Amino acid sequence: MPQNSLKHFFISIVLPSILAISLFVLAIFVVILPTSERNIMEGKKEMISELTNSVCSLLEEYQREALNMRMPADSARILAIERVRQIRYGDEGKDYFWIIDTEPRMIMHPYRPELIGTDLNNYQDPDGKLLFMESVRCVAEFGEGFINYMWQWKDDSTRIVPKLSYVREFQPWSWIVGTGIYLEDVRLEIRSLKNRLLRMVLIITLVISILLVVIIRQSLGIERRKKKAEDELHLSREKYKSLVEAATEGTLMMVEGKFIYSNFRFSDLSGYSPAEVPRLHFEELFSLKWRNFAKEFRDPKKSISRETLLNCKESKQKEVVISVSMITYADQTGYIIVIKEISSQMQFEKDSELLSGELQTLLLMMHQPLKVIARDIRRVHADASIREAVRIMGRKQNDVLFVNHGEKIVGVINQHDLTERVLAAGQDPEKKVIEIMTSPVITLPESALLFEGLLTMKKRGLSHLALMGHNKKISGVVGYREIGGIQENQAGFLIKEISIAEGVEQLKRIYKRLPVLVKALIESGGQTGIITRIISSVGDAINRRLIDLAIEELGPAPCKFAFIAMGSQGREEQTLTTDQDNAIITVNTQDSYRREAQVYFQLLAKKVNMDLDAVGYRQCQGGIMAMNPRWNCELDTWKKYFTQWIENSNPKDILDAAIFFDFRCIYGEKILVEQLRTHVNKLSKSKAVFFYHMARSINQMKIPGKPDAHLMDMKKILLPLTSFIRLHAIRENLAATGSMERATLLYEKEIFDLSLYQELNQVFNFITHLRIRSQAESISHDEIPGNFTNPRVLNRIEIMILKRHLHDIAELQTRLSGEFSGAE
C-alpha cells in the first residue's frame, strides 16, 4: 500500500477506532458507573422508605383498634410491637425494623434486646455519632429522613459496618420507626457491575483489534479496486457525455439533483447554453416537483413519461413530454431526461394509451402459467355407468370428468363425448364410461404458459387440457373457453359490454367474469391500486347501466339528481366482496312538486338497489342505500345531516357516519355533489371538537386478530388507516375520496412527511393485496368470498410483513392520540 494511503487509513480508521474505544471506556467509568451507583442507592433508599411506610400503616391499624375501643391502648401497643418485631425482609430474611420513642428510649429492637427500655440520649456508634438523637432531630424537623451511622451486621454483633437508615415518626404514639440498608451490599453490586463492564470492554477491544487487522489486510485490494473504479468512472463520463451530445432530442443528464450534461438540441429548445444548464434546478426548468417525480420509480428498468411545461430562457413556456430513465453513474443514482415538444401526433398517442394498456395486460396474462386459471378435477370410476357420469356432471356442475382406475387416471369424458358418442349413437346409458372415454389423457406441465395451452388445444382439437404437477400426478384442468375468454375479461371489454347490456341477467354474467381478470392480474403482479380501480370501474359501470335501464322503464326524472357512492366504492377501493353504500341527492324542489319527486326517486332507488343485489352487490345490512328514504332526499336535507354530524358530534355518531364523508358522484349532476362538498369543507373549518371526536372514534377501533390467529378480517384491519387518512383529508378540505389519492395530496401539501406517506402506501397495498388474493382464491374453489385471510397460508416473509404493518397501524392510532389530545 502506498505510504500516503497508509497514513490516510491510519488517520481515517485506526485513530478514530482507538478514540472511540477510549471514549467508550471513559464514558463507562466517568458517567455510566457513577450514574448506576446513584441509581442503585436511590433504589435502595426508596425501598426502605416504602417498607417503613408500610409498617407505619400497620401501626395505624392497631391505633384505630384502640381508638374504636376494641382493645386497650396498652394492649394495642404491645401487639403492634410484637408484630413489627417478627417482620423480616431481604435475600437472607434478616433485615428488620426497630422502634424508639422521642425521648429517645428503645421500644423494640429484634437483635439488641438489651437496649429495650434504656435511655438512648448518649448512645453512640463506634465513630462517636449519637445516632438515635440524630433520628429524633431528623423527624422533629422533617417528619422523616435518612441517617448514616455504624452498626452491627444484621444478627452478627461482632461485625460493625456502615449503614443507612430511614426513620419516620408515628405521631399518635410518639414513636420513631426505622430500618436500614448495609452500604457493603451496594458496594458489592457496584463491584459486580464494574467487573461485567470491564469484561465487556476487553471483549469489544479484542473484536475491534481483530477487525482492524482484517481491514488492513483488505486495504491493498481496495486500493487496487479504487484505481480501477476511477478508470471506469472516467470511461463512464465520456460514454454518457457522448450519449447526451449525440441524442437527436433535447437531453439532460442529472446526478444527485444536479444537471451535469446537456446537448445542443436542448439548448435550441430552451434557450439555455450548456454552460448555463448546470446552474439550474429541475423545478426552474419544468413545472414539476422532482421530489414527487422521483418517488414514482418503482422499477429502475422502466422509464416514466409526463407532460409538463418547459420554462424557457426568455420567459416563454413550451408544452413538452419528458421521459426519464434511471441509471447508475459512479455508484450514484442518475437520470437521463429526454425532452420532446408536443406535436399534433402527441394527441393520437394519448388516445392510444388506454388501448395499449389493455393489449399489454392481455400479453402479460397470456404469458402466465396455466395453473393460474386451473380448476380442480372431478373423477368418475372406470366401472361407473354413463348415467352415473351424467349425474355427477350435473351435481358437480362440471363439463369434464376424469376416469380413474384405482389411483391412476386412464381417460377423460366431456359433454361433447356424451352428445356425440352416447345420444347421437343411441348408446345404452348403463354402459361403462370406460367404453366411451378418450384415452390417453393429453397433459401439459402446470408451469406451461397460457398461450402454449391455447396452441396445443387448437392443434389437437381439444376442449380441455389436464395439468401435470411436480409429483407427476394430474393437479388440475383448464378449458378452451377459459383460455380463449381471457380477452373478453379485459376491463375495457367488460365495461363496454356493461354499457350495452339489456338486463340484470346479462349484467350478472358479465360481473361473474370479473374475478377471472382480477386473479390473473394478481398472479401477474398487478398493482393493488390498479386492481381496486378496475373493480370499482366495473361497479360504477354496472350502477350507471342499471340506472339507465330503470329510467327507461320509469320515465324521465322529474328533476335533476345525483346518484352517489360511499364507502369503498366512493373511495374507488372495492374488492370482490362488497355491499352497497349509495344514496341520491336531488335539487331543492317546491312543495307542490316535492311529493311527486319523492315517489319517483323512491321507485328508482328501490329498483336499482334490488337489481344490484341480483347482479351480485349485496344490500347493506345497515340500510345505507338509496331506497332508504332517509338517504334519498334534497340537497338542503343532506346539508342538515352533515351539519348535525359536524357540529353536534360524538365518537359513536361519527363512527356510524364516517363512510358518508367518502361520497362520490357516479351518475347525474356532479354540481350537486360539489355543492355538498363545499358545504362540508366550510362547516368543518376550525371545528376542533369534531376532529377530536373523529380521532377518538379511530383510536377506539380494535385491530382484529393476530398473525397466529385462524382467520383475520383484512377489512377491519385497514379501517383505522383509511379513517386516519379521511380525517386529515377533511381537515385540509380535499375533494379527493380515494385513500391513496388523499395521502398523495396530503404529502404534497407537506401534511404527511415522506416516511409516513411511504408507510401508508405500503400498509394499504399489502393488506388490500392479501384481501383480494384470498377472495380470488375462494371464488376459484367455488367458495363464497369474504374479507378474511387465513394467516396459515401466508409464507414467512408475508407473516413478518403483516406483523410489522399491524404495528404500524397501531402506531397511527397512537399518533392520533398525541395530535388531537388537546382538541377537546
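The values are calculated or read from the model by the stated rules, or taken from the named source; none is laboratory data. Remember, predicted model here, so these are calculated numbers, not experimental data. Counting neighbours? That spans all protein chains shown, and the Cβs are built from the backbone with ideal geometry, glycine included. Side chains are part of the model used for accessible areas, which takes the heavy atoms of the whole protein and leaves out ligands, DNA and RNA. Shrake-Rupley method; radii C 1.70, N 1.55, O 1.52, S 1.80 Å.
Table for the structure above
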{"read-out": "Selection count where residues are at pLDDT 75 or above and open to solvent by less than 10 Å² (accessible area, probe 1.4 Å), scope the range 470-490", "value": "4"}
{"read-out": "Any pair with Cβ under 6 angstrom, 6 or more apart, that starts in the range 35-57 at a residue that is in contact (Cβ under 8 Å) with a residue 60 or more places away in the chain and at positive phi and ends at one that is open to solvent by less than 40 Å² (accessible area, probe 1.4 Å) and among the basic types (Lys, Arg)", "value": "none"}
{"read-out": "Residue pairs meeting the criteria (Cβ under 7 Å; at least 6 apart or on separate chains; first of a type in the set (Lys, Arg), in the range 646-670; second modelled with pLDDT of 85 or more and surrounded by 21 or more Cβ atoms within 10 Å (Cβ to Cβ))", "value": "Arg664/Ile564; Arg664/Ala565; Arg664/Gly570; Arg664/Thr737; Lys670/Ala562"}
{"read-out": "Enumeration of residues in the range 556-599 that are touching a residue at least 24 places away in the same chain (Cβ under 8 Å), within 27 Å of Ser536 (Cα to Cα) and over 43 Å from the mean Cα position of the chain (by Cα)", "value": "Ala557"}
{"read-out": "Which listed residue, of Ala614, Ala565, Ala583, Ala605, is surrounded by fewer than 16 Cβ atoms within 10 Å (Cβ to Cβ) and either small (Gly, Ala, Ser) or in contact with a Leu (Cβ under 9 Å, 6 or more places away or on another chain) (or both)", "value": "Ala614"}
{"read-out": "Residue in the range 752-763 that is open to solvent by 30 Å² or more (accessible area, probe 1.4 Å) and touching an Asp or Glu at 6+ places or on another chain (Cβ under 7 Å) present", "value": "yes"}
{"read-out": "Yes/no for Glu169 being at pLDDT 75 or above, touching a helix residue (DSSP H, G or I) at 6+ places or on another chain (Cβ under 6 Å) and either open to solvent by 10 Å² or more (accessible area, probe 1.4 Å) or farther than 30 Å from Asp125 by Cβ (or both)", "value": "yes"}
{"read-out": "Members of the range 693-704 found to be part of a loop (DSSP other than H, G, I, E, B) and in contact (Cβ under 8 Å) with a residue 40 or more places away in the chain, listed by number", "value": "Gln700, Met701, Ile703"}
{"read-out": "Counted residues, the range 377-406 - those being open to solvent by 70 Å² or more (accessible area, probe 1.4 Å) and out of contact with any helix residue (DSSP H, G or I) (no Cβ under 9 Å at 6 or more places or on another chain)", "value": "5"}
{"read-out": "When residues of the range 181-200 are limited to those that are hydrophobic (A, V, I, L, M, F, W, C) and touching a strand residue (DSSP E or B) at 6+ places or on another chain (Cβ under 7 Å), the one farthest from Asp91 (Cα to Cα)", "value": "Leu183"}
{"read-out": "Leu288 outside any helix (DSSP H, G or I) and either under 17 Å from Val321 (Cβ atoms) or out of contact with any helix residue (DSSP H, G or I) (no Cβ under 6 Å at 6 or more places or on another chain) (or both)", "value": "yes"}
{"read-out": "Any hit, the range 63-79, residues being more than 16 Å from Thr179 (Cα to Cα), out of contact with any Asp or Glu (no Cβ under 7 Å at 6 or more places or on another chain) and among the β-branched types (Val, Ile, Thr)", "value": "yes"}
{"read-out": "For Glu114: the one exception among (1) over 16 Å from Thr179 (Cα atoms); (2) buried (at least 18 other Cβ atoms within 10 Å of the Cβ)", "value": "(2)"}
{"read-out": "Qualifying position, being at pLDDT 85 or above and in contact with a Pro (Cβ under 8 Å, 6 or more places away or on another chain), among Asp713, Asp708", "value": "Asp713"}
{"read-out": "Selection count where residues are closer than 21 Å to Ser568 by Cα, within 27 Å of the chain's Cα centre (by Cα) and either among the hydrophobic types (A, V, I, L, M, F, W, C) or part of a helix (DSSP H, G or I) (or both), scope the range 652-692", "value": "12"}
{"read-out": "Unique residue being over 30 Å from Thr158 (Cβ atoms) and either touching a helix residue (DSSP H, G or I) at 6+ places or on another chain (Cβ under 9 Å) or modelled with pLDDT under 80 (or both) when the list is Ile28, Ile78", "value": "Ile28"}
{"read-out": "Residues that are open to solvent by less than 10 Å² (accessible area, probe 1.4 Å) and more than 21 Å from Lys44 (Cβ to Cβ), drawn from the range 78-98", "value": "Ala80"}
{"read-out": "Any hit, the range 185-194, residues being loosely packed, with under 12 Cβ neighbours inside 10 Å, under 53 Å from the mean Cα position of the chain (by Cα), of a type outside the set (Phe, Trp, Tyr) and farther than 23 Å from Ser49 by Cβ", "value": "yes"}
{"read-out": "The listed residue being of a type in the set (Asp, Glu), free of Cβ contacts under 8 Å to residues at least 12 places away in the same chain and closer than 19 Å to Ser475 by Cα, out of Glu420, Glu407", "value": "Glu407"}
{"read-out": "Filter pass, Ile500 being at pLDDT 85 or above, surrounded by fewer than 13 Cβ atoms within 10 Å (Cβ to Cβ) and not acidic (Asp, Glu)", "value": "yes"}
{"read-out": "Selection from the range 785-810 of residues that are in contact (Cβ under 8 Å) with a residue 60 or more places away in the chain, farther than 16 Å from Pro720 by Cα and charged (D, E, K, R)", "value": "Arg792"}
{"read-out": "Cβ pairs under 7 Å, 6+ apart, first in the range 181-195 and more than 24 Å from Val167 (Cα to Cα), second of a type in the set (Asp, Glu) and part of a helix (DSSP H, G or I)", "value": "Ile190/Glu37"}
